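Worksheet for the structure shown next.
The values are calculated or read from the model by the stated rules, or taken from the named source; none is laboratory data. Here the structure is a predicted model, which is why all the values come from computation and not from measurement. Every residue, glycine as well, gets a Cβ built from its backbone with ideal geometry; the counts of neighbours run over all protein chains shown. Heads up: the accessible areas ignore ligands, DNA and RNA and are worked out on the full protein's heavy atoms, side chains in. Shrake-Rupley method; radii C 1.70, N 1.55, O 1.52, S 1.80 Å.
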Amino acid sequence: QVQLVESGGGLVQSGGSLRLSCSFSGSIFSNSVMDWYRQAPGKQREAVASIIPRGLTTYAASVKGRFTISRDNAKNIVYLQMNTLKPEDTAVYYCHAVSGNYWGQGTQVTVSP
């Protein structure tokens with residue numbers, strides 16, 4: 001059974017950094033596009049970053065230059081390094097596997113002014 005588990009969220013001051021991790025149990029990880037999404041209170045879930053199996057990445061305009069997505073196919077983990085965080089980055093962050101459309105449970109990121 002495929003399972004995605006996020007970790008690394010928390011409370012940080014504006015300008016700070018956090019690194020989110022998503023561990024993936026299942027055999028399809030290395031062949032799946034992996035995404036990070038986020039959902040702020042009262043807003044729709046939005047795509048933040050995506051990485052294909054070979055490592056090419058795409059980012060939302062709002063995070064480009066501040067966030068970095070990466071993956072370790074040997075460990076079945078995808079990361080989201082978030083730097084220069086802003087209060088508007090506050091949201092629940094979700095890991096998503098495109099193959100099979102699997103979602104994690106989410107991890108809260110709160111950025112104080």
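Taking the criterion of being within 17 Å of the chain's Cα centre (by Cα) and over 12 Å from SER112 (Cα atoms), the residues of the stretch 1-16 that qualify are GLN3, LEU4, VAL5, GLU6, SER7, GLY8, GLY9. Tallying residues that are without any contact (Cβ under 8 Å) to a residue 24 or more places away in the chain and of a type in the set (Ser, Thr, Tyr) within the stretch 26-49 yields 1.
Scanning the stretch 90-99 for residues that are farther than 12 Å from LEU4 by Cα and in contact with a Gly (Cβ under 8 Å, 6 or more places away or on another chain) gives VAL92, TYR93.
How many residues does the stretch 67-111 contain that are of a type in the set (Lys, Arg) and under 13 Å from the mean Cα position of the chain (by Cα)? Spell out how you get there, then give the answer.
Quick first cut of the stretch 67-111, residues of a type in the set (Lys, Arg) only: 71, 75, 86.
This time we only want the ones that are under 13 Å from the mean Cα position of the chain (by Cα), so: 71.
Going through the stretch 67-111 one residue at a time, the tally reaches 1.
Quick one: which strands (runs of 3 or more DSSP E) lie wholly within the stretch 2-113 and hold at least 3 residues that are open to solvent by 30 Å² or more (accessible area, probe 1.4 Å)? Step through it out loud before you land on a result.
On the way: elements: 3-7, 10-13, 18-25, 34-39, 46-51, 57-59, 67-72, 77-82, 91-97, 107-112.
In the stretch 2-113, the matching strands (runs of 3 or more DSSP E) lie at 3-7, 18-25, 57-59, 67-72, 77-82, 107-112.
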